[in-house]
1. Looking only at region B:275-325, count how many residues are at the interface with chain A (Cβ under 10 Å from one of its Cβ atoms), of a type in the set (Lys, Arg) and either within 30 Å of B:Leu467 (Cα to Cα) or within 23 Å of the chain's Cα centre (by Cα) (or both).
2. Would you be able to tell me the number of residues in region B:209-233 that are facing chain A (nearest Cβ under 9 Å) and open to solvent by less than 10 Å² (accessible area, probe 1.4 Å)?
3. Among the residues of region A:16-58, which ones are surrounded by 14 or more Cβ atoms within 10 Å (Cβ to Cβ) and of a type in the set (Ser, Thr, Tyr)?
4. Under the condition of being open to solvent by 40 Å² or more (accessible area, probe 1.4 Å) and more than 24 Å from the chain's Cα centre (by Cα), which residue from region A:426-443 is farthest from A:Asp307 (Cα to Cα)?
5. Condition first: out of contact with any Phe, Trp or Tyr (no Cβ under 7 Å at 6 or more places or on another chain) and either hydroxyl-bearing (Ser, Thr, Tyr) or not in a helix (DSSP H, G or I) (or both). Now tell me which residues in region B:43-64 satisfy that.
6. For residues in region B:191-208 being away from chain A (no Cβ under 14 Å) and open to solvent by 10 Å² or more (accessible area, probe 1.4 Å), which is farthest from B:Ala299 (Cα to Cα)?
7. Which number in (1) under 27 Å from A:Leu338 (Cβ atoms); (2) outside any helix (DSSP H, G or I) marks the one condition that A:Met445 misses?
8. Just to be sure I understand, how many residues within region B:51-74 are touching a residue at least 12 places away in the same chain (Cβ under 8 Å) and either touching a Lys or Arg at 6+ places or on another chain (Cβ under 6 Å) or of a type in the set (A, V, I, L, M) (or both)?
There are 2 protein chains.
Amino acid sequence: MPRRRQATELPFVGALDRKEGQLGRQLTLVLREAIRSGDLKPGESLPSTRHLASSLGISRGLVTDAFEQLIAEGFLEAQPGSGTKVSRGLSEFPALNSVEQTKRAKAEQKLPPRAEAFAKVARQFAPLPPVPFAVSVPVGPTAPDDTWRRLGNRTRGLRSAAPSGYDDPQGVLALRRAIADYVRKSRSVHCTPQQVIITAGTQQGLYLACQVLLEPSDRVWVEEPAYRGITGILEGTGAIERMVRVPVDESGVDVEFGVRAAQDARAAFVTPSHQYPLGMPLSMVRRTALVAWARSSDAWIVEDDYDSELRYVGHPFPSLQGLAPDRVIYLGTFSKILFPSLRLGYAIVPEHLVPAFCGARSLMDRHPPSADQHSLAAFISEGHLDRHIRRVRLVYADRRMQLISIIERYISGDLAWLQPGDQGMHLVLWLAYTIDDEAVTAKAMDAGVSVRAVSPMYSEGKGKPGLILGLGGYTNEQMEKAVKKLAVIITA
Amino acid sequence: MPRRRQATELPFVGALDRKEGQLGRQLTLVLREAIRSGDLKPGESLPSTRHLASSLGISRGLVTDAFEQLIAEGFLEAQPGSGTKVSRGLSEFPALNSVEQTKRAKAEQKLPPRAEAFAKVARQFAPLPPVPFAVSVPVGPTAPDDTWRRLGNRTRGLRSAAPSGYDDPQGVLALRRAIADYVRKSRSVHCTPQQVIITAGTQQGLYLACQVLLEPSDRVWVEEPAYRGITGILEGTGAIERMVRVPVDESGVDVEFGVRAAQDARAAFVTPSHQYPLGMPLSMVRRTALVAWARSSDAWIVEDDYDSELRYVGHPFPSLQGLAPDRVIYLGTFSKILFPSLRLGYAIVPEHLVPAFCGARSLMDRHPPSADQHSLAAFISEGHLDRHIRRVRLVYADRRMQLISIIERYISGDLAWLQPGDQGMHLVLWLAYTIDDEAVTAKAMDAGVSVRAVSPMYSEGKGKPGLILGLGGYTNEQMEKAVKKLAVIITA
């Protein structure tokens, strides 16, 4: 190899495209790629800038700029008297796309254990197609009307909404005020706007609560069965053996069982308004016992109140938080009553815990996006949310009755039966013990029907087969078609 | 106490307000509160529905409904033959607002250790007021123009944008496509849309990377000094002793030092385009060495490329990811170049890690809000982002020069001097060793000037005093006023 290359020995510079312009930048790129690909090797000399400029028919200044850029990047080095060379420090430069690298990449397909666990979560949490019976799909009469969009357009014109700089991790004050007012009236939650933390929904509320409240060795009560969102978090932090599963009966979670099994637990994660997924409310006697336990054991109650707006008979139970504002982390969401892709909810926490929740949120993602918070604040405070709830409550009550009657018409009671309940946006369809609910779910998905299996909501080996059927703005025709398909799959 | 109360012995029912209407609901509320407050005690009998209805002058059906609701809630119990009583299971019912409870609440103000650590983070991450020199404040010429709002209004009219149901944790495909195209052209990032994961910004990208890549005992390289966002995450997960701080010199992070100190580290968190906070790029020799280390140690490089769009001289360095797409997690954000309250950014990861990142995100907050993703996808693919970057690059270059000259005019070089650098949205103003940068920051805040201290970005005891001065769309007059105030504070 000659000690000094000539310009003509740089074939790759032929790649310069005069029509494209920016010839200096093109030259930089081409030289850089040549070094990377190994066409130019560490220690090799480049032509002089004068030579290269004249052979390329471009100004010498452009070549000088390109060399200087590559010197700054460390690709080239200039030595007085011996011109410009490819940096010798690049000797270990890894050639891309080599055979060896491809092999290595294949070997790396094996994931580290935590990554493997998260990948499994991703499969379980994959969003369902927006067809019956995916929960909370805002179509037709259950979607917010044009008011939502108009408010969005209006608030986006405000200086404070968007664009704006880094914002409060606790959320926009106008929204916190509107929420404090709303939960006080609708759920007997005792709080000030200073206790409200805007979240991306219940899931983030649960995540933050785990972060802030739990030390690595703390045990927690989790309902049996439970929302996969909470068991997933605890599994993901390696806390699977710290989860004490507390069975649910017709009065909700069995507090006495919990006390016997783990009186020293640091927190109880519960769904008192409407047990998820089974649907019963926690009785007042149990509520009292739960609060008494939390007080005497210095423990926290995390009250996941994901869909209490949708009670169809009687008044909803007042929140647990109202009984013990000092012991309860209250979680709410707009995913169910408005729409999930909004990603806005709230945690209401004892005031002295507020800074800790804000700090945990800062590390996760800094703060909630601002614009939609302003829209939602206006939507609530101008009365649109109340009107929307009144409207969709009727729609969902109707859909629920329709779905029940469709199921009774098409599915044999020997194979599947509905769990009673008078609240919420889903029904549980229990399946005969001989049926594999995960297999049914997969087959239903193939047939264009979105359901979730119940058995993974129980701890290993305790699962009972069943399906979660979510309510959305589906028509009777859509629901009937989907139930007929389900009937075929279940019977098969 | 008489065995059977008479209606007239329920003074609290006088609270019913006939003008308000909903007398049945009011009665439920009043009875529930009477039980809670102890006015009605466990085991006490209620008047018959007939008696109560007649004494209140309301229909008996309303009273029956109220009783049934309270029986369902567990406040009352009905026994054949002996009428309706307050549930005896409520005997442990905690009276609210008791003196004892107030005492207890006071004692609980002491936070558990993790909560205390998060509260400290909250103080450090508190957003700065949008005055000089808070970074990335989109005012005047640095804010996106009306196009942003128009696009938002347009995409919000789409069915797929908002309202919509639960969406993909990886983000909206149109946006992932637009980003893959953008980073390929601007940063030589090698990726497909399938490798792009939409995040809420760099902070969430760092958080997800820590979740997915690190096992509890893994050591990691962190630059010295470093962005508090990454050291905060590692401290928050109790990994403070697993952080190997690797010093930064004029060529960026000292890779040889890292290899000597912790060759077996699982990951290196680096800011190669523009070291945060010091500002120098990582040299090509170091880049090569870093990639060689990652390959030989089976380690990951997390490349935080938070502001590479804003290089004012020469071309930006190509990304590290382009050198080693199989070993690098590339993080970008729209917080700097668009506006922070948007909360959108991206992680670009080797394809086999995508499901793990999606699973970790599902547990944190399910998925990014959908509507703004559609707006941003249109903003990029219709060419507005490129135009915006060209515009603000000129603005920031000008603001930067102006700020440098203002500082040279008003602040004595004995007390403070600027770190050179030709990229980004902030300058580092070093302070004489005798000056306490955190005290200066607090005093500046009181004087209406937003700066951040540099010393907390170093590990304990290694800190050098300095200030981060962020660029935004501030006028010369605003900057001059703020620098004069800073000069006074520093001189004091």
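The values are calculated or read from the model by the stated rules, or taken from the named source; none is laboratory data. Since we're looking at a predicted model, the values are computed, not measured. Cβ coordinates were reconstructed from backbone atoms using ideal geometry, including for glycine residues, and neighbour counts include every protein chain displayed. Only protein heavy atoms, including side chains, enter the accessible area calculation; ligands, DNA and RNA are left aside. Shrake-Rupley method; radii C 1.70, N 1.55, O 1.52, S 1.80 Å.
1. Counting residues in region B:275-325 that are at the interface with chain A (Cβ under 10 Å from one of its Cβ atoms), of a type in the set (Lys, Arg) and either within 30 Å of B:Leu467 (Cα to Cα) or within 23 Å of the chain's Cα centre (by Cα) (or both) gives 2.
2. The number of residues fulfilling the criteria is 6.
3. To start, the set of residues in region A:16-58 that are surrounded by 14 or more Cβ atoms within 10 Å (Cβ to Cβ) comprises A:16, A:23-36, A:39-42, A:44-49, A:51-56, A:58.
Scanning region A:16-58 gives A:Thr28, A:Ser45, A:Ser48, A:Thr49, A:Ser54, A:Ser55.
4. A:Thr434
5. Matches in region B:43-64: B:Gly43, B:Glu44, B:Ser45, B:Leu46, B:Pro47, B:Ser48, B:Ser54, B:Ser55, B:Gly57, B:Ile58, B:Ser59, B:Thr64.
6. Only one residue tops the list, namely B:Pro193.
7. (2)
8. The number of residues fulfilling the criteria is 8.
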